[in-house]
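J.: The structure's right below; bear with me while I get my questions together.
The values are calculated or read from the model by the stated rules, or taken from the named source; none is laboratory data. Please read all numbers here as calculations on a predicted model, not as lab measurements. Quick reminder, even Gly has a Cβ in these numbers, built from the backbone with ideal geometry, and neighbours come from all protein chains shown.
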Amino acid sequence: MTRTRRGAPTKGTSARVEEDSSDGTVMVECETCQEWANIDDTPFSSTQEAQAGRYTCNLCTRLAAMQASIALQEIKLRAEHSQQISQIKAEWEAAQAEAKIDRQNLHTLLSTERNLREKLEEEIGTLQTQIKKLEQTNSTQDAQENGDQATSTPRHDSGTPEPKHPSDKQFRSQWKEDIPSQGTSRISEDIEHTVELAEEGNPGTQVGKKGRPLKTENTSQKQQQLSADHKQKHPYPQMQSNDHPPQSKRTVVLGDSNAHRLKKHLRKAIHDQRLRITTKSGANLEETLHRAEGEIQKANATNTELQLIIHVGTTDLLNKADIKKTTDHLKQQLTYWSQKTPKHHYIVSAIPEPKARGQQFATACQTWNTAVQTACTALGPSVRFMSAAAQLTADHLDDIHYSEQAADQVGSQLDDPVDTRVEHTESAKRRLKLWDRLCWQVDKHPDSVQRNEGPTENI
């Protein structure tokens, strides 16, 4: 008998049993996987029992148990998911209800605020109306009072309207800004002479507005001759062929963020457009010198006397720049500027020497300050070195930056040269303006000028 290992399944019937003719072994087929097993490995004790029963191998039995377990787990997971979904849905519905309540409350608040705003606008409109009424009432009362005063105050003379004084711009375009000491003494003498003549007056001269004499038909040729003599005796200073147009003065501050912190204190000395602050946080030496070159070119083009205040160097040392190379470059540039344009002045400020960055960095700052001071001293009076920053202690510094107290200390040292330049410029302008006004008064009112018969020394 030939034994077949696998055969067609016969479900719902008894197990298939075959016997091997060679050795008499009885094999039983699994009804699930159709695998053959020895009858000794099955629960059957005889061939008749195997043929009457049904057989399932152990592997198929375990597989069926695992499938049942998996199905049970799926049922449990579906139940848990359903429960979680229900919980999330309930929470979402609760949040929606709460949000709805919040929206209703917000709408209520907005409505209340809108009502209050409308009420406030109405009150403001009422107040503005009352203010306009009060202003109209006050203007009417002022007009009545002014009319009463005008009626009660007699007018001396209508007179001739006084001509306007020449503009300062026209005056500055014709005369130099600086006056020598001899010219200053001449101005003071002319002031005294004009004041004396004005006080003496002319008894025959009619007086108009503000006590000034009027030109009438009685103006004699002698009075005109007096004016001509005065002009010939005290001529208005004329520009010579070798003179230049007037020079304006400007102070420009260049450098890093510490230079910008000096702005508050320099504004105390220069409070108008003559002070220019052009700084940049983290500016290095090369960038600052390039900006300074541009400022010098602008000043030369407009005939402006420039004072450059340079505060730079900390960024170069932080970037590990070669101290000798950078200071030599600064010295060469200052030498070139001072020789090419000697009318300009240059102030180089020391950099702080912070100990917070370590002794090595503080030593590098000291070396930089020493080299720059030596270079400035060698270049003469047009180049100055300000050492206030090098004397600051750790209490005056915030890392490498000036504190407000440090800016006070450094700025006060810079105020001296700046104040001197401003005072010189302003005094010269005042003297020239006074001289111009005196000569203008003589030209317009020659009747008030009389010949002084005294000695020449008193003129």
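J.: Identify the single condition in (1) at pLDDT 70 or above; (2) of a type in the set (Val, Ile, Thr); (3) surrounded by 12 or more Cβ atoms within 10 Å (Cβ to Cβ) that Thr377 does not satisfy, given that it satisfies every other one.
T.: Looking at each condition in turn, Thr377 falls short on (3).
J.: Right, next: Spot the failing condition for Lys355; the list is (1) in a helix (DSSP H, G or I); (2) more than 28 Å from the chain's Cα centre (by Cα), and only one is missed.
T.: Single failed check for Lys355: (1).
J.: If you scan the stretch 292-310, which residues turn out to be outside any helix (DSSP H, G or I) and of a type outside the set (Asp, Glu)?
T.: Once the filter is applied, which keeps residues that are outside any helix (DSSP H, G or I) and of a type outside the set (Asp, Glu), the stretch 292-310 yields Thr302, Asn303, Thr304, Leu306, Gln307, Leu308, Ile309, Ile310.
J.: Would you check if there is a residue in the stretch 324-347 being part of a helix (DSSP H, G or I), touching a His at 6+ places or on another chain (Cβ under 9 Å) and either at pLDDT below 90 or not hydrophobic (A, V, I, L, M, F, W, C) (or both)?
T.: The answer is yes; a qualifying residue exists.
J.: Name the residues in the stretch 362-401 that are part of a helix (DSSP H, G or I) and aromatic (Phe, Trp, Tyr), would you?
T.: Within the stretch 362-401, Trp368 is the sole residue that qualifies.
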